[in-house]
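Asks: Attaching a single structure in structure tokens format; questions to follow.
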Amino acid sequence: MYDLVLTGGRVIDPAQNLDRVTDVAFADGKVAAVGAGLARRKAGEVRNVAGSIVTPGLIDLHTHIYWGGTSAGVEPDAYARQSACTTLIDAGTAGPANMMGFRKHVIERSECRILPYLNISFPGIFAFSPTVMVGECDDLRLLSPADCVRVGREHADLVVGVKVRVGRGASGASGLAPLDMALEAAQQLGLPVMTHLDHPPPHRPDVMARLRKGDVLTHCFRPFPNNPATGDGGVYKDVMAARQRGVIFDIGHGKGSFGYETAKTMIKNGFLPDVISSDVHVLSIKGPAYDLLHTMSKFIAMGMPLKEIIRANTINAAKAVRRSDRGTLKPGTLGDASIINTKKGSFTFEDVVGEKFKGKEHLTCRGIVLGGKWWHGKR
């Protein structure tokens, strides 16, 4: 007997090269079957989702959801419902000093799934608001690779990597030292690094040269400077070399890290992002990122194929955090699914420097299945 069957939806699961109208069944908290006619079998609940897209549970690889414990965080369950997400990856809001608080007061009390990157900076992101903005890597006295390794091991069931923010805003005059410390700690933990890069210094080629296979460069389509696109419409060689050796390129839209001109150039060159994420925090949730679905809709407007957009937010995101139990509707995986509607019309999108562009489609959340049960949404 199935606990829940979704019937009539267009199921898109890039991990299985699946794109057709069919049913999805859940039992005991996991995906039980995908195929025609499942709704005719005995099921505790059947939901007709005809006219909607059914995907594996969406994963937002870059969020800040240490809500109430830091000035940057937004409330995770409310955000997950807004953006049709089942898994939220926190991008280093907490550091070694407050990871336990994040775990006990937010992660364990939330219904949606949360996996954190651990910030190399001891306090994590501690001063983030419209009026107070202090980079946590600006003072090297706050960085302790030994504490990062210790706490990473203590929370090994949750921690998916080490986060570091470098650039004039995040690390001031510290240069590449925070990145080198993060890489050292990550190597000890056997985990990848996610690195933020804002204005130089350091400069993009020096950062790219240090990243290893499986490390994540977030804000990968940022506007000039430190952007990946050349002035004559190409892609820098150091960026191409990083992709060839397996560095993961993540959007991380946020308040200051997505440039429309950069994105157009990269897509024109066939350089699609590996992962699309919102970088939602207390500022960007008010725009221009808003949420994951809004960010994904921007890529529809720029001509990225829908299947590749969904791939970026399902199996690719799952692989980035080394979780094989999600990102697909393969039977036996976590019983998570996102039910998405496509609203047609004329929509105006905006990047972080104020450039506007038009689109004809916008994704909205119809519903969410979490752990094999209908968690949120409309009938």
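Asks: State the Cα centre-to-centre distance between the range 293-345 and the range 98-168 in whole Å.
Replies: Taking the Cα centre of the range 98-168 as reference, the centre of the range 293-345 is 26 Å away.
Asks: Please compute the contact order of the range 57-320 in relative form: average sequence separation of alpha-carbon pairs under 8 Å and at least six residues apart, divided by the residue count, as a percent. Please list the in-between numbers first.
Replies: Values: 589 pairs, mean separation 45.3, N = 264.
Averaging sequence separation for qualifying contacts and normalising by length gives 17 percent for the range 57-320.
Asks: What does a probe at LYS286 reach in the range 40-77, counting residues whose amide N is under 16 Å from the point 7 Å along Cα→Cβ?
Replies: 71-75
Asks: How large, in Å, is the chain by the Kirkwood hydrodynamic radius built from its alpha-carbon pairs? Walk me through the intermediate numbers first.
Replies: Details: mean 1/r = 0.0483 Å⁻¹.
After inverting the pairwise mean of 1/r, the radius is 20.7 Å.
Asks: While we're on this one: Order of SER346, SER110, SER52 from fewest to most other C-beta atoms within 10 Å? Intermediate values should be presented prior to the final figure.
Replies: Details: SER346 8, SER110 16, SER52 22.
If I rank by nearby Cβ atoms, fewest first, I get SER346, SER110, SER52.
Asks: Can you list residues from other chains, or at least 5 along the same chain, whose modelled amide H is less than 5 Å from the amide H of LEU143?
Replies: Result for LEU143 returns PHE122.
Asks: Measure off 7 Å from each Cα along the Cα-to-Cβ vector at MET1 and LYS264, then give the distance between these two points in nanometres to one decimal.
Replies: Between MET1 and LYS264, the label points sit 5.8 nm apart.
Asks: Report the label-to-label distance for SER110 and PHE224 in nanometres (one decimal), using points 7 Å from each Cα along the Cα→Cβ vector.
Replies: Inter-label distance under the simple model: 3.7 nm.
Asks: Could you list ASP90, ASP19, ASP232 so that the one with the fewest beta carbons within 10 Å of its beta carbon is first and the one with the most is last? Walk me through the numbers before you get to the answer.
Replies: Working: ASP90 28, ASP19 15, ASP232 6.
Going from least to most buried by this count: ASP232, ASP19, ASP90.
Asks: Could you compute the FRET efficiency for ALA50 and LYS373, with r as their C-beta to C-beta distance and R0 at 25 Å, rounded to 0.05? Mind showing how you got there, number by number?
Replies: Details: r = 20 Å, r/R0 = 0.82.
After rounding to 0.05, the efficiency reads 0.75.
Asks: Right, something else. Counting other beta carbons within 10 Å of each residue's own, what order do MET302, MET208 fall into, fewest first?
Replies: Numbers: MET302 16, MET208 22.
With the fewest neighbours first, MET302, MET208 line up as MET302, MET208.
Asks: Let me ask you something else. Using a Förster radius of 25 Å, what is the FRET efficiency between ALA78 and THR348 based on their Cβ-Cβ separation? Nearest 0.05, please. Walk me through the intermediate numbers first.
Replies: Numbers: r = 25 Å, r/R0 = 1.00.
The formula returns an efficiency of 0.50 here.
Asks: Using 19 Å as the Cα-Cα cut-off, could you pick out the over-long pairs in LYS330/LYS373; LYS213/LYS264; LYS298/LYS358? Write out the running numbers ahead of the final one.
Replies: On the way: LYS330/LYS373 17 Å; LYS213/LYS264 25 Å; LYS298/LYS358 9 Å.
Table pairs above 19 Å Cα-Cα are LYS213/LYS264.
Asks: Okay, next question. Step through the residues of the range 60-71 one at a time and calculate ³J(HN,Hα) from phi using the Karplus curve (6.51 cos²θ - 1.76 cosθ + 1.60, θ = phi - 60°), rounding each to whole Hz and writing x for Gly and Pro.
Replies: Values per residue, Gly and Pro as x: 9, 6, 9, 9, 10, 10, 7, 6, x, x, 9, 6 Hz.
Asks: Hey, another quick one. Considering amide H positions built from the backbone, and no H for Pro or chain starts, which residues 5 or more places from LEU4, or on another chain, come under 5 Å of its amide H?
Replies: The list, which skips near neighbours in sequence, is PHE26, GLY44, GLU45.
Asks: For the range 222-379, what does the relative contact order come out to in percent, with C-alpha contacts under 8 Å and a separation of six or more? Please list the in-between numbers first.
Replies: Working: 247 pairs, mean separation 30.2, N = 158.
Rounded, it is 19 percent for the range 222-379.
Asks: What is the list of residues in the range 176-215 whose amide nitrogen lies under 13 Å from a point 7 angstrom out from the Cα of MET133, following Cα to Cβ?
Replies: Residues 198-199 fall inside that zone.
Asks: Which longest run of the chain has no exposed loop site in it, a site being GluC sites (Glu not before Pro) in a DSSP loop with at most 16 other beta carbons within 10 Å, and the site itself not part of the run?
Replies: Numbers: sites that count: GLU45, GLU108, GLU111, GLU355.
Value returned for the longest uninterrupted segment is 112-354.
Asks: Which distance in nm do the two modelled labels at ALA173 and MET302 give, with both placed 7 Å along the Cα-to-Cβ direction?
Replies: A separation of 3.6 nm, rounded to one decimal place.
Asks: What trypsin sites (Lys or Arg not before Pro) does the range 223-308 have in DSSP loop regions with at most 16 other beta carbons within 10 Å?
Replies: Details: sites: LYS237, ARG243, ARG245, LYS255, LYS264, LYS268, LYS286, LYS298, LYS307; in loops: ARG245, LYS255.
For trypsin sites (Lys or Arg not before Pro) across the range 223-308 that sit outside H, G, I, E and B with at most 16 neighbouring Cβ atoms in 10 Å, the list reads ARG245.
Asks: By DSSP, what percent of the beta bridges with both residues in the chain are antiparallel, rounded to the nearest 5? Each step should come with its number before you reach the end.
Replies: Values: 37 of 67 bridges.
Restricted to the chain, the bridges split so that about 55 percent are antiparallel.
A short reminder: the numbers here are calculations on the coordinates, not readings from a lab. What you see is a predicted model, and the numbers here were worked out from it, not measured in a lab. Glycine also receives a Cβ, built like all others from the backbone with ideal geometry; neighbour counts cover every protein chain displayed.
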